[in-house]
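S.K.: First the structure, then my questions, so here it is.
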Amino acid sequence: MAALKTAQSSARQLLQPEVLAGLKNLELVARSVVEGFIIGLHRSPHFGFSQEFAEYRMYEEGDDPRFIDWNVYARTGRTYIKRFLGDTNSHLMILLDSSASMGFGGPPVSKLQYAKFLAASLAYLASRQHDAVGCIVFDEAIRDFRPPSSRAGKLHGVMHSIDGATPGTGTQFERPFEKFREQVPRRGLVAVISDFYCDADALLEGVRPLAWQGQDVVLFHLLDREEMDPSFDRNVLLEDVETGEAVEVAPDFMAEEYPRRIREHVQSIATAASGSGADHVLVATDDPLDQALRNYLLFRERRQ
Amino acid sequence: MGLLAPLFLAATLAIALPIWLHRLQTQSSDRKPFSSAMLLETTEQRVHVQKKLKYLLLLALRIAVFVLAALAFAKPFIERPATEIAASGAGTHLIVVDTSTSMARSGVFSQAQNRARQAIDDAPAGAGIQTIAADSTMRLLRPLSADKGSQRAAIADLEPGSQRLDYGRLMSEIERYAQSLAAPVTVNLISDFQASGMPAQFADVVPNGVARLNALAVGSGEPVNWGVVLVRQSAEGVDVLVRNQGLPDRTTDVEVRVNDQLIGTRTASGQGEYVLSFPGAEWLEGDNRVEVTLIGDDDLAADNRWFSIVRNEPPSPVPLLSADPGGLPVTYLSAALGAATEAGFSVQPFAAHEFDPRILTRYRWLIVDDIGAISSALEPVITEFVTNGGSLLAFSGERTLGLETLPVSGLALQPADLLGGGDFLRIGQLDRQHPVLSATQGWHRVKVLRNVPIEPDADMEPLMRLDNGQPLIVEQPLGAGRILITLSAIDNQWNDLPVHPVFVGFVLEAAGYLSGRTDRRNVYTTGDTLPLTLTGTTAGQVVDPDGETVLSLADTAREQLIRLEKAGIYEVYTPDGETLVAANVDPRESELTRISQSVLDRWQDATYSNVEPVTDGSGSLVPEPIELWPWVLLLLAVFVIAESALGNVHIAMRVRSS
């Protein structure tokens with residue numbers, strides 16, 4: 001027990017963003033996060049980490065060939081995939097916002113860095129569950145697109161796309177959602193990682209079609225602690241990193257009025273998400289990643 | 001306060017620069033990136049409205065730097081409020097205090113100071129007041145101002161001196177000074193008004209430009225005073241001329257010392273002037289100090305001592321060449337030269353044809369009673385003697401007639417014009433500026449029967465001409481020396497010059513001129529100037545009667561005019577040796593008789609009528625402004641340093657906060 005607790009505390013330490021920031025390899029980050037997360041969890045068939053064989057299903061294009069039961073193939077000439085307990089036979093599409101506003105934050109990590117950690121961790125976690133993983137990196141335009149796939153090499157590609165994300169320009173949700181609808185018709189899981197500095201109604205208009213499509217959408221609302229609880233001791237001229245607009249604000253406003261506004265905005269996004277059947281998870285960039293992963297697994301559990 | 005260059009104040013507009021820069025800074029404040037301005041709202045409270053003391057202080061310092069720089073160039077000045085003189089109406093009041101020797105009488109000068117203070121107090125408010133001390137010079141005691149306290153203080157520091165006041169000279173200087181003063185000019189003259197101070201012409205005491213003269217007389221009663229008028233060397237010793245002004249029964253003892261040795265004491269009594277003789281003086285070679293002291297009570301003690309210098313030098317030998325050493329010309333010339341009272345000449349007659357020219361080296365000059373007597377053999381020797389710096393005094397007689405040229409000089413002669421029948425010529429023209437003739441009088445009495453005419457020479461201007469235009473006395477430079485030739489003989493068949501007193505004076509003056517002896521005056525009046533000429537690289541040094549050197553070390557290398565301020569004996573050290581000079585109070589200061597009241601009244605009335613119309617207040621003198629720009633520059637430097645220091649503090653704070 002003591003050893004388990006030690007392992008758990010070490011794993012939890014690995015989930016701290018500032019610790020992860022010291023890891024240069026995103027895959028390593030993702031593996032560290034997920035493995036650490038797993039160590040902290042009990043085995044649960046409901047979470048799909050069990051390796052107990054559950055059933056066979058027909059091989060479909062995009063499935064990981066590693067799970068083909070070759071004995072069955074030899075005997076029957078047909079390809080079947082082993083399904084284990086917890087396998088949902090689903091896919092996870094990660095929509096990663098790489099707009100300029102995502103570059104704000106830190107130290108130790110900016111929102112985009114944290115988003116990349118989160119996206120990579122989700123991708124790795126999903127791949128462990130034999131889910132196909134894809135990603136769309138966007139700002140005002142689609143910067144990168146990886147269709148969902150459970151093949152081993154495909155995860156590496158997704159990691160590469162996530163790792164290559166850099167703060168871009170403005171934020172435009174309509175295009176990635178449209179791209180997703182076009183390219184990923186199958187029903188699956190959609191994780192949108194963004195700071196959602198947008199109009200809630202406009203977001204609702206973008207998410208609703210996905211819900212109608214049967215997608216299960218979770219919005220990871222990522223904010224830096226300085227955005228949620230800013231502290232300035234004197235008037236300051238704040239410049240919007242996306243639009244260049246500069247606004248002079250007073251310390252009193254930033255200490256009292258602005259936190260209320262940001263909470264209201266977060267609430268409006270949550271409300272919009274709920275109104276479209278999506279989940280909303282507020283994540284601060286100084287929060288350990290296990291909480292975000294836990295929320296993902298709960299979300300996934302509910303969607304099964 | 002005023003500004004000498006007010007246009008520079010326009011530079012204060014530059015303070016807009018630091019104000020603008022501070023607004024920029026405050027408006028921009030800290031600029032930081034933020035994720036989104038979507039939820040931000042501009043605050044209504046602007047930074048530049050907030051009163052942060054540190055930025056305001058820096059802004060104030062920068063504004064002050066610009067203002068002080070502009071002010072420094074504008075040259076601010078202030079004037080002493082107490083010295084401001086009214087522009088018109090009050091005019092100028094001169095308070096002139098007589099500080100001559102006669103004012104040293106007991107109680108007189110303190111009375112004069114009180115009168116002067118009263119005159120200052122009586123001056124109208126706003127009038128310019130100038131206190132002046134007057135004796136042989138007019139001295140301004142304080143700058144012209146309306147500050148009565150300052151002028152009163154100047155009066156308190158005054159003392160009577162040892163010099164004479166001439167009212168004519170004083171009024172002339174006041175007239176010049178009044179031209180620069182604000183009209184009307186009132187002169188308050190506080191004096192004992194000695195009659196001896198009045199000039200020969202009354203008009204000389206009426207100055208132009210003065211609206212009013214207030215003659216404030218001090219001293220009263222009949223003055224009683226003994227004074228020394230003159231001291232001279234006599235054959236037996238010393239003669240002293242004394243003067244008694246006052247009661248006839250008063251006496252005084254007169255004591256004479258020569259080189260600090262008492263040679264006698266006499267008692268003087270009676271009114272008027274008379275001579276006391278003091279025989280038995282033993283003269284040392286060189287300068288001898290003679291000191292005369294009057295012992296007794298009188299009103300003025302400052303004139304009870306008299307100083308003189310008697311120079312005792314052996315007669316200087318001079319050869320006299322004559323065809324007849326026993327003749328009358330030699331007698332006349334010897335007698336004339338023997339009449340010198342000081343440092344005379346000893347005539348050594350020689351027969352011209354027997355004269356050994358080798359002895360000429362012993363002499364500086366020689367006399368020839370008939371230049372025609374110089375033989376052809378002697379002529380070149382004498383010519384060489386003169387050319388090398390010697391001098392020759394020559395007369396022309398019988399032996400000159402018939403020559404074509406004058407020996408030595410080479411002047412061409414004309415045929416003689418012998419007048420007959422008793423006709424004679426008078427002196428028609430003479431050069432009064434020449435040193436030989438300037439001190440001689442009586443030439444108009446001289447008659448000339450015969451003269452030696454010479455050819456006219458356009459390059460030579462005779463010292464004296466007869467009334468027929470012919471030269472009588474000529475001077476001719478020859479090399480380093482000179483020749484002074486009288487173109488007539490010392491012979492009563494030629495002229496009657498030797499029987500006139502002017503002959504002795506002429507011969508003595510010529511002897512002094514040709515022998516190189518300068519005017520060695522050794523007795524002066526206080527206030528006179530003693531010239532020190534430069535010899536080589538130094539002029540000399542003078543030690544006053546108190547034993548103090550008069551000149552600084554630098555002054556000893558320049559020609560100087562030493563003003564003899566004190567009565568007593570001065571020691572003069574020059575490269576030529578040491579001499580003594582005596583200075584005495586002007587004897588006229590001993591004459592204490594006051595100007596009559598009628599003359600004083602007339603003097604004042606004449607000044608009243610001499611008022612010139614007052615046109616405007618121009619010419620008023622205002623005190624020199626006290627310029628403040630050096631202090632402003634100093635303050636500017638302090639502010640610049642403070643601004644730099646405070647600016648560095650802000651920079652350091654920003655570096656740390658960033």
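Read-outs: derived from the displayed coordinates by stated rules, not from any lab. Bear in mind that the values here come from a model prediction, so they are computed numbers and not experimental data. Neighbour counts run over all protein chains shown; Cβ positions are idealised from the backbone, glycine included.
S.K.: First measure r as the distance between the Cβ atoms of B:Phe8 and A:Met228, then evaluate 1/(1 + (r/R0)^6) with R0 = 60 Å and state the FRET efficiency to the nearest 0.05.
M.R.: Efficiency, rounded to the nearest 0.05: 0.50.
S.K.: Ranking B:Lys447, A:Lys154 by Cβ neighbours within 10 Å, fewest first, what do you get?
M.R.: B:Lys447, A:Lys154
S.K.: Another one. Report ³J(HN,Hα) in whole Hz for each residue of the stretch A:98-111, in order, from the Karplus equation J = 6.51 cos²θ - 1.76 cosθ + 1.60 where θ = phi - 60°; Gly and Pro get x.
M.R.: For the stretch A:98-111, the Karplus curve yields 10, 6, 5, 5, 6, x, 6, x, x, x, x, 10, 7, 4 Hz.
S.K.: Express the C-alpha Rg of the stretch B:105-189 as a ratio against the empirical globular expectation 2.2 N^0.38 Å, rounded to two decimals.
M.R.: Normalised by 2.2 N^0.38 Å, the Cα Rg of the stretch B:105-189 equals 1.08.
S.K.: Quick one: net charge of B:Ser172's neighbours, Cβ under 11 Å, K/R +1, D/E -1?
M.R.: Values: positive: B:Arg169, B:Arg176; negative: B:Asp166, B:Glu173, B:Glu175, B:Asp204.
Once positives and negatives cancel, what remains is -2.
S.K.: On to the next question. For the stretch B:392-495, what is the charge dipole size about the Cα centre, in debye to the nearest 20, if Lys and Arg each add +1 at the Cβ and Asp and Glu each add -1 at the Cβ?
M.R.: Dipole of the stretch B:392-495, to the nearest 20 debye: 400 debye.
S.K.: Related question: Evaluate the distance, in nm, between pseudo-label points positioned 7 Å from the Cα of B:Asp122 and of B:Leu561 along their respective Cα→Cβ axes.
M.R.: With each label placed 7 Å out from Cα toward Cβ, I get 3.7 nm.
S.K.: Using only Cα atoms and rounding to the nearest 10 degrees, what angle (0 to 90) does helix B:108-122 make with the longest principal axis of chain B?
M.R.: Between the helix axis and the principal axis of chain B, the angle is about 40 degrees.
S.K.: Further question: Starting from 0.36 nm per residue, how many nanometres of slack lie between B:Asp356 and B:Arg426 once their C-alpha separation is accounted for? If you can, show how the numbers build up before the last one.
M.R.: Details: separation 70, 0.36 × 70 = 25.20 nm, distance 3.82 nm.
Net length gain for the segment: 21.4 nm.
S.K.: Quick one: dipole size for chain B, taken about the Cα centre, charges +1 on Lys/Arg Cβ and -1 on Asp/Glu Cβ, in debye to the nearest 20.
M.R.: Dipole size: approximately 4200 debye.
S.K.: Using the Karplus equation 6.51 cos²θ - 1.76 cosθ + 1.60 (θ = phi - 60°), what ³J(HN,Hα) coupling, rounded to whole Hz, does each residue of the stretch B:126-138 give in order, writing x for Gly and Pro?
M.R.: x, 6, x, 10, 10, 8, 9, 9, 10, 9, 6, 10, 10
S.K.: Not counting the cut sites, what is the longest span of chain B without GluC sites (Glu not before Pro) that DSSP labels loop and that have at most 10 other Cβ atoms within 10 Å?
M.R.: B:45-284
S.K.: Using the Cα centre of the protein assembly as shown as the reference point, and only Cβ charges (+1 on K/R, -1 on D/E), how large is the resulting charge dipole? Debye, rounded to the nearest 20.
M.R.: The dipole of the protein assembly as shown has a size of about 6080 debye.
S.K.: Sort out for me the Cα centre separation of the stretch A:114-146 from the stretch B:168-238, rounded to whole Å.
M.R.: Taking the Cα centre of the stretch B:168-238 as reference, the centre of the stretch A:114-146 is 123 Å away.
S.K.: Grab the other residues whose beta carbon is less than 14 angstrom from that of B:Ala412, score K and R as +1, D and E as -1, and report the net.
M.R.: Charge balance in the 14 Å sphere: -4.
S.K.: Per the helix-only calculation at 222 nm, which mean residue ellipticity applies to chain B, given -39500 (n - 2.57) for every DSSP H run of n ≥ 4 and division by its residues, nearest 500 deg cm²/dmol? List each step's numbers first, then the result.
M.R.: Numbers: 11 runs with 151 residues, N = 658.
When only DSSP H runs of four or more count, the value is -7500 deg cm²/dmol.
S.K.: Determine the shielding of peptide A:241-247 by partner chains: average, over its residues, the number of Cβ atoms on other chains within 10 angstrom of each Cβ.
M.R.: Mean shielding by partner chains, rounded to a whole number: 5.
S.K.: Short version: ³J(HN,Hα) in whole Hz for each residue of the stretch B:494-502, in order, from phi by Karplus 6.51 cos²θ - 1.76 cosθ + 1.60 (θ = phi - 60°), x for Gly and Pro, what are they?
M.R.: 9, 6, 10, 4, x, 8, 9, x, 5
S.K.: Could you work out the local net charge near B:Gly296, counting Lys and Arg as +1, Asp and Glu as -1, over the other residues with Cβ closer than 13 Å to its Cβ?
M.R.: Once positives and negatives cancel, what remains is -4.
S.K.: For peptide A:227-239, compute the average count of partner chain beta-carbon atoms within 10 Å of each residue's beta-carbon.
M.R.: Partner-chain Cβ atoms within 10 Å, mean over residues of A:227-239: 4.
S.K.: Specify, per residue and in Å³, the volume enclosed by the convex hull of the alpha carbon atoms belonging to the protein assembly as shown. The partial results should precede the final answer.
M.R.: On the way: hull volume 385.4 nm³, N = 962.
Looking at the protein assembly as shown, the number lands at 401 Å³ per residue.
S.K.: Shifting gears a bit: For a quick check: with amide H placed at 1.01 Å from N, whose amide H comes under 5 Å from B:Tyr570's, ignoring anything fewer than 5 positions away on the same chain?
M.R.: Sorted by chain and number, the residues that satisfy this are B:Val581, B:Ala582, B:Ala583.
S.K.: Using only Cα atoms and rounding to the nearest 10 degrees, what angle (0 to 90) does helix B:328-338 make with the longest principal axis of chain B?
M.R.: In chain B, helix B:328-338 runs at an angle near 40 degrees to the longest axis.
S.K.: Now, a different point. Enter the mean number of other protein chain beta carbons within 10 Å of the beta carbon of each residue in A:99-109, as an integer.
M.R.: Mean partner-chain Cβ count within 10 Å for A:99-109: 2.
S.K.: Could you pull out every residue, at least 5 positions away or on a different chain, whose amide H is within less than 5 Å of the one on B:Asn259? Hs are placed 1.01 Å off N in the peptide plane, and Pro or chain starts have none.
M.R.: Placed amide hydrogens put B:Arg289, B:Val290, B:Glu291 under 5 Å from B:Asn259.
S.K.: Another question about this same structure. Evaluate the distance, in nm, between pseudo-label points positioned 7 Å from the Cα of A:Glu264 and of B:Glu578 along their respective Cα→Cβ axes.
M.R.: Using points 7 Å along Cα→Cβ, the separation is 11.5 nm.
S.K.: Would you mind ranking A:Thr76, B:Thr549 so that the residue whose beta carbon has the fewest other beta carbons within 10 Å leads the list?
M.R.: Working: A:Thr76 10, B:Thr549 14.
With the fewest neighbours first, A:Thr76, B:Thr549 line up as A:Thr76, B:Thr549.
S.K.: Shifting gears a bit: Can you list residues whose amide H is under 5 Å from B:Leu478's amide H, if they're 5+ apart or on another chain and H is modeled 1.01 Å from N?
M.R.: Amide H to amide H, under 5 Å and 5 or more residues apart or across chains, B:Leu478 pairs with B:Ile483.
S.K.: Residue farthest toward the positive end of the dipole of the protein assembly as shown, with Cβ of Lys/Arg at +1 and Asp/Glu at -1: which of B:Val218, A:Ser276, A:Ala250?
M.R.: Farthest towards the positive pole: A:Ser276.
S.K.: Could you list A:Leu20, B:Leu633 in order of exposure, starting from the residue whose Cβ has the fewest other Cβ atoms within 10 Å?
M.R.: Ranking A:Leu20, B:Leu633 by Cβ neighbours within 10 Å, fewest first, gives B:Leu633, A:Leu20.
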